[in-house]
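The values are calculated or read from the model by the stated rules, or taken from the named source; none is laboratory data. Everything quoted here is computed from the prediction, not taken from an experiment. Neighbour counts run over all protein chains shown; Cβ positions are idealised from the backbone, glycine included.
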Amino acid sequence: MIREQWSGGEWEAYCRRLLSMRYDSNIQFIPARDRGDGGLEAFRFDGVGYQCYAPEDAYTMESQTTAQKRKMTKDLKRLCDDVEGTCRLLGDVRLHTWILMTPEFDSRSLVEHAQKKKKDVSEILPRPKWLADEFKVVVITDEEFASERTRLLGQVETELHLSVPDPDESLWNASEGNEIADRVAAKLSVVPSLASDPEWLIDYRDEMLRVYFRGQAQMDRLKVDYPPLYAAVERRLKSVLSTLTMTVSGMDKPGTEVIETLVRRLSEGLKNDAPGLSRVLCDEIAWHAVSSWLIRCPLRFRRAA
């Protein structure tokens, strides 16, 4: 599975915008630059605290879950170890809920860990003065902020599709383009079904180059006319393509089925991140991204035995 990668700063800024859109002036954000955030990113005045966390380099469910559990344990401990500091931060507010807001979680063990930490904190004696009579620890993703996410990512009234002219084949038949075409053909030629049919290989290569150049034109328009959607698309492409070479290099027989699976998964991710894009446009951008990776990556596919 290809996991989406956020940097800590990107996720924090994104969550703050979602929270501020929903709660407006009923939430207090805490800067981390001076002495850290003390285990809280923000708190609502009705007693709900938030910590935003994106595990970095979490390429598997196991590594992601381990990092999330560690973060939960560490930050709740910070709140409990510095009771006076936490009280100065919260003022008269008493927390009844502490929420870990994370890009995704797939393991029930994380929910079980949250229940354990709830019990641990609730049983501390003497009871921390910032703690309400009832206390919960909850894990959520940005799916809880669907309407805010839609507004933030520039949802258009009808799903966006960017029609651009079909690229001229001279783009990859020019002197510079020959190198690109040869590189793509060389990588695709390790697929037995393509290698055994030179005509199909050339047709498949040409279609990959066609979607590459068409997608580049669509991305250029998206950047100029729909900046929020472009930013969401760029972040998804960056996170997926940064690990794609490692993912594919571990496969014994990368071929057309693998390419098409990558495109499908990437298209689904784009639709989730930028719901204002039409399904067709998500597919076209996904094909553009994978063809771009195929052109630029240094990977030489293994030739099937």
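Inspection of the stretch 86-101 finds no residue satisfying the criterion of being touching a Phe, Trp or Tyr at 6+ places or on another chain (Cβ under 6 Å), modelled with pLDDT under 95, assigned by TED's automatic domain parsing to the domain that holds Glu144 and under 25 Å from Arg149 (Cα atoms).
Selection within the stretch 66-78: residues that are at pLDDT 95 or above and among the hydrophobic types (A, V, I, L, M, F, W, C). The member of this set that is surrounded by the fewest Cβ atoms within 10 Å (Cβ to Cβ) is Leu76.
Residue by residue through the stretch 81-123, note down the ones that are touching a Cys at 6+ places or on another chain (Cβ under 7 Å) and closer than 23 Å to Arg16 by Cβ. Answer for the stretch 81-123, where residues must be touching a Cys at 6+ places or on another chain (Cβ under 7 Å) and closer than 23 Å to Arg16 by Cβ: just Met101. For the stretch 253-272, enumerate the residues that are over 17 Å from His161 (Cβ atoms) and either modelled with pLDDT under 85 or touching a strand residue (DSSP E or B) at 6+ places or on another chain (Cβ under 7 Å) (or both). Result: Lys253, Pro254, Gly255, Thr256, Glu257, Val258, Ile259, Glu260, Thr261, Leu262, Asn272. Residue under question is Leu40, and the condition is that it be crowded, with 21+ Cβ neighbours inside 10 Å, in contact with a Gly (Cβ under 7 Å, 6 or more places away or on another chain), assigned by TED's automatic domain parsing to the domain that holds Glu144 and modelled with pLDDT under 95; does it hold? The answer is yes for Leu40.
Entry remark, the stretch 187-223: residues being free of Cβ contacts under 8 Å to residues at least 40 places away in the same chain, part of a helix (DSSP H, G or I) and more than 30 Å from Ala274 (Cβ to Cβ) number 7 in total.
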